[in-house]
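Trainee: Below is the structure I would like to discuss, written out as structure tokens.
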Amino acid sequence: MSDSVETTIGMCLREARKAAGYCNAGQAAIQVSLSPETVGRHERGTAKLLPEDAIHYASIYGRPDILIRYCDDCPVHEALYGNTRIRDRDLPWNAMRISSRLRKSAYYAERLEAILDDGVIDDDELPELEDILSFLQDLDIARREMLAVSMSLGIIHDTKKAAPTGMGATERAKTTHSKADQMAHAYCTTICMSVSK
């Protein structure tokens, strides 16, 4: 990643740490299980931020938008979006992106129904089906980004997902995840799956 991107991610980490209630890197270090020096270097952009670090910060701080910032300059993003950068903090832009895709969704739904109504996918229908599936995947990514931005702006509050009943306390603790945890995993899984095709 370029130095300017590392600095941008660093600023995002610093802002997220403060918003999460940690006044300094030392306080945050206890929660993120890193040294205060490493947290400080990540925030200044002088230490390489690994994918697992980005996921961990996003989860601890309850800020899945950290992953969007991190992924903005990674090979997966490059394969999906080229040089276009995700505008992760811009709620109106994300809303317009979702709105545009929702307007197109009726057309794609009709085409999908026409292709699959006979239960057989002909060779000449395959390219259009691939286009529809690509559209659906893009819509899913846009939806996840909108949720991440909304959470980072405090519109959606992070809550723990309830663990299944009939479990002991230890098992419940292992299966209880916050929305940020779930979104962090789902976001990375979605974009990585689209590149691995």
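The values are calculated or read from the model by the stated rules, or taken from the named source; none is laboratory data. This one's a predicted model, so the numbers in the text were calculated from it and none came from an experiment. When we count neighbours, we look across all protein chains shown, and the Cβ atoms used for this are built from the backbone with ideal geometry, even at glycine.
Trainee: Is there any pair linking a residue in the range 97-111 that is closer than 16 Å to residue 149 by Cβ and in the same structural domain as residue 142 (by TED's automatic domain parsing) to one that is of a type in the set (A, V, I, L, M, F, W, C) and surrounded by 12 or more Cβ atoms within 10 Å (Cβ to Cβ), with Cβ under 7 Å and at least six apart or on different chains, and which?
Mentor: Cβ pairs passing all conditions: 97/142; 98/142; 98/146; 101/139; 101/142.
Trainee: In addition: Could you look through the range 20-55, keep only residues that are modelled with pLDDT under 90 and crowded, with 18+ Cβ neighbours inside 10 Å, and pick out the one that is nearest to residue 10 (Cα to Cα)?
Mentor: Of everything passing the filter in the range 20-55, 45 is nearest to residue 10 (Cα to Cα).
Trainee: Okay, next question. Could you tell me how many of the residues in the range 89-138 are in a helix (DSSP H, G or I) and among the charged types (D, E, K, R)?
Mentor: Within the range 89-138, residues that are in a helix (DSSP H, G or I) and among the charged types (D, E, K, R) number 11.
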